[in-house]
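One structure is given here, and the rest of the page talks about it.
The values are calculated or read from the model by the stated rules, or taken from the named source; none is laboratory data. Since the structure is predicted, the reported quantities are computational estimates derived from the model, not experimental observations. Every residue, glycine among them, receives a Cβ derived from its backbone with ideal geometry; neighbour counts consider all protein chains shown. Please note that ligands, DNA and RNA were not included when accessible areas were found on the heavy atoms of the full protein model with its side chains. Shrake-Rupley method; radii C 1.70, N 1.55, O 1.52, S 1.80 Å.
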Amino acid sequence: MTLFFLIAAALTIVGTAAAMSLRNPIHCILSLTLGLVGLAVLYLQLGAQFVGFTQVLVYVGAVAILAVFAIMMTRSAGSPQQPAFSRSWLSGSAVAVVVFAVLAWAISSALPSTKIVPPQPAVSVNQIGDALMHKFALPLEIIGLLLTAALIGAVIVAMPERRETP
Amino acid sequence: MSPLNAYLLLSALLFSIGLAGVLTRRNAILVLIGIELMLNAANLNFIAFWRYGPNPAALTGIMFAIFSIAIAAAEAAVGLGIILAVYRHTKTTDLDQLNSMKG
């Protein structure tokens, strides 16, 4: 439990909580990027450099930009007269609080709280590439197929459909 | 509190924030972002268990997190495409008004 962990955790929690509670969707996405950067810092601190940089590339780079584009194309940014939360917000947040309470109880009661910390495992990108090409080759191929299918599917779904007139 | 417990608690809090967003927001795009947050909480669990687990040389936690990030990116692309298609039909992304499945 270091100061570094506390700072990164606070960044993550503040960013994501603001992303889920602010009114303006653009502000939500901006604070979401802050939270995801905090999460990437946590990955780096855990010794998973490759996952941390992938997180920055995919989430901060691609997903946030995609969400901003979607917000601008649907013009949902400039509607301040509508409430930002749904009618059932009270029961929704109650469910979330109950889920967190159950998870926190399970975490604090299930694991033996030993303070023995194993040494930081050194993982190079070389090793990850080697594992991806040998041990995890089939999952890699399946992911490639799935990403291709998702790309084509997203384009087809988002394309304006033409009504064929006979 | 051991470091693993701290990471698991942080991940549970992140999951609950995402769940609260999914259950309370009206904007469909922000609901999708909440689902992404829940996936990110699961990723943090994978990495934390990999780091403090008995066999970190096997790289399974890292691999699972990488594949999970790829799946989440595909899900975000398809989900935002569906939201755009729905918006084109109904001219709204407000989930309280989207109460009919007929376009």
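When the residues of segment A:82-112 are narrowed to those that are of a type in the set (Ser, Thr, Tyr) and closer than 16 Å to B:Ala28 by Cβ, which ends up surrounded by the fewest Cβ atoms within 10 Å (Cβ to Cβ)?
Kept after step one, since they are of a type in the set (Ser, Thr, Tyr), are these residues of segment A:82-112: A:86, A:88, A:91, A:93, A:108-109.
Restricting the remaining residues to those that are closer than 16 Å to B:Ala28 by Cβ gives A:86, A:88.
On the way: A:Ser86: 17, A:Ser88: 13.
Applying the filter and picking the extreme gives A:Ser88.
What are the residues in segment A:43-54 that are facing chain B (nearest Cβ under 7 Å) and within 13 Å of the chain's Cα centre (by Cα), if any?
Those that are facing chain B (nearest Cβ under 7 Å) and within 13 Å of the chain's Cα centre (by Cα): A:Tyr43, A:Val51, A:Thr54.
Looking at A:Leu22, A:Leu30, A:Leu34, which is the one that is under 12 Å from the mean Cα position of the chain (by Cα) and either within 24 Å of B:Leu23 (Cβ to Cβ) or facing another protein chain (nearest Cβ under 9 Å) (or both)? Walk me through how you get there before you give the answer.
Numbers: A:Leu22 fails: under 12 Å from the mean Cα position of the chain (by Cα); A:Leu30 fails: under 12 Å from the mean Cα position of the chain (by Cα).
Going through A:Leu22, A:Leu30, A:Leu34 in turn, just one is under 12 Å from the mean Cα position of the chain (by Cα) and either within 24 Å of B:Leu23 (Cβ to Cβ) or facing another protein chain (nearest Cβ under 9 Å) (or both): A:Leu34.
Residues in segment B:1-14 that are facing chain A (nearest Cβ under 7 Å) and within 17 Å of A:Thr16 (Cα to Cα): how many?
Selection size over segment B:1-14: 6.
Provide a single number: the residues in segment B:30-58 that are in contact with a Lys or Arg (Cβ under 8 Å, 6 or more places away or on another chain) and either in contact (Cβ under 8 Å) with a residue 60 or more places away in the chain or hydrophobic (A, V, I, L, M, F, W, C) (or both).
At the first step, the residues of segment B:30-58 found to be in contact with a Lys or Arg (Cβ under 8 Å, 6 or more places away or on another chain) are B:31, B:34.
Remaining after also requiring either in contact (Cβ under 8 Å) with a residue 60 or more places away in the chain or hydrophobic (A, V, I, L, M, F, W, C) (or both): B:31.
Residues that pass the stated criteria total 1.
Quick one: A:Ala101 ticks every box in (1) touching a Ser or Thr at 6+ places or on another chain (Cβ under 8 Å); (2) more than 30 Å from A:Val123 (Cα to Cα) bar one, so which box is it?
With respect to (1) touching a Ser or Thr at 6+ places or on another chain (Cβ under 8 Å); (2) more than 30 Å from A:Val123 (Cα to Cα), A:Ala101 is out only on (1).
Which of the residues spanning segment B:49-60 are open to solvent by less than 40 Å² (accessible area, probe 1.4 Å) and out of contact with any Leu (no Cβ under 6 Å at 6 or more places or on another chain)?
Looking only at segment B:49-60, we keep the residues that are open to solvent by less than 40 Å² (accessible area, probe 1.4 Å), and these are B:50-51, B:53, B:56, B:58-59.
If the condition is that a residue be open to solvent by less than 40 Å² (accessible area, probe 1.4 Å) and out of contact with any Leu (no Cβ under 6 Å at 6 or more places or on another chain), then B:Trp50, B:Gly53, B:Pro56, B:Ala58, B:Leu59 are the ones that fit.
Residues of segment B:61-85 being open to solvent by 30 Å² or more (accessible area, probe 1.4 Å) and more than 9 Å from every other protein chain (Cβ to nearest Cβ), which ones?
Of everything in segment B:61-85, just one residue is open to solvent by 30 Å² or more (accessible area, probe 1.4 Å) and more than 9 Å from every other protein chain (Cβ to nearest Cβ), namely B:Phe64.
Given the options B:Ser68, B:Ser100, name the one that is outside any helix (DSSP H, G or I) and farther than 21 Å from A:Ala18 by Cα.
Working: B:Ser68 fails: outside any helix (DSSP H, G or I).
It is B:Ser100.
Regarding A:Leu57, is this residue at the interface with another protein chain (Cβ under 7 Å from one of its Cβ atoms) and either farther than 30 Å from B:Ala85 by Cβ or within 13 Å of the chain's Cα centre (by Cα) (or both)?
no
Would you tally the residues in segment A:1-33 being under 25 Å from B:Ser2 (Cα atoms), hydroxyl-bearing (Ser, Thr, Tyr) and open to solvent by 40 Å² or more (accessible area, probe 1.4 Å)? Outline the logic, then answer.
Residues of segment A:1-33 that are under 25 Å from B:Ser2 (Cα atoms), as a first pass: A:1-17.
Narrowing further to those that are hydroxyl-bearing (Ser, Thr, Tyr): A:2, A:12, A:16.
With the extra rule that they be open to solvent by 40 Å² or more (accessible area, probe 1.4 Å), the set shrinks to A:2.
Number satisfying all stated conditions: 1.
Residue-by-condition table, conditions (1) loosely packed, with under 11 Cβ neighbours inside 10 Å; (2) closer than 20 Å to B:Gly61 by Cα; (3) more than 10 Å from every other protein chain (Cβ to nearest Cβ):
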| position | (1), (2), (3) |
| --- | --- |
| A:Ser124 | yes, yes, yes |
| A:Asp130 | no, yes, no |
| A:Lys135 | no, yes, no |
| A:Leu146 | no, no, no |
| A:Val155 | no, no, no |
| A:Ala158 | no, no, no |
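For segment B:31-85, how many residues meet the condition of being more than 25 Å from A:Thr148 (Cα to Cα) and hydrophobic (A, V, I, L, M, F, W, C)?
If we filter segment B:31-85 for residues that are more than 25 Å from A:Thr148 (Cα to Cα), which is where we start, we get B:41, B:44-59.
Subsequent filtering for residues that are hydrophobic (A, V, I, L, M, F, W, C) retains B:41, B:44, B:46-50, B:57-59.
Here the count works out to 10.
Look at segment B:2-59 and say how many of its residues are assigned to a helix (DSSP H, G or I), farther than 30 Å from A:Asp130 by Cα and more than 16 Å from the chain's Cα centre (by Cα).
Within segment B:2-59, the first condition is being assigned to a helix (DSSP H, G or I), and the residues that meet it are B:3-24, B:28-52, B:56-58.
Those left that are additionally farther than 30 Å from A:Asp130 by Cα: B:5-6, B:9-10, B:12-24, B:28-35.
Okay, now just the ones that are also more than 16 Å from the chain's Cα centre (by Cα), so B:5-6, B:9.
Summing the residues that are assigned to a helix (DSSP H, G or I), farther than 30 Å from A:Asp130 by Cα and more than 16 Å from the chain's Cα centre (by Cα) in segment B:2-59 gives 3.
Mind checking which residues of segment B:15-46 are touching a Phe, Trp or Tyr at 6+ places or on another chain (Cβ under 6 Å) and facing chain A (nearest Cβ under 7 Å)?
Residues of segment B:15-46 touching a Phe, Trp or Tyr at 6+ places or on another chain (Cβ under 6 Å): B:16, B:24, B:38, B:41, B:46.
Passing the criteria: B:Ser16, B:Thr24.
Is it the case that some residue within segment A:35-55 is at pLDDT below 90 and at positive phi?
Yes, segment A:35-55 has at least one match.
For segment A:125-166, which positions are of a type in the set (S, T, N, Q) and not in a helix (DSSP H, G or I)? Explain how you work it out, then say what you get.
Step one: list which residues in segment A:125-166 are of a type in the set (S, T, N, Q), which gives A:126-127, A:148, A:165.
Result: A:Thr165, single match.
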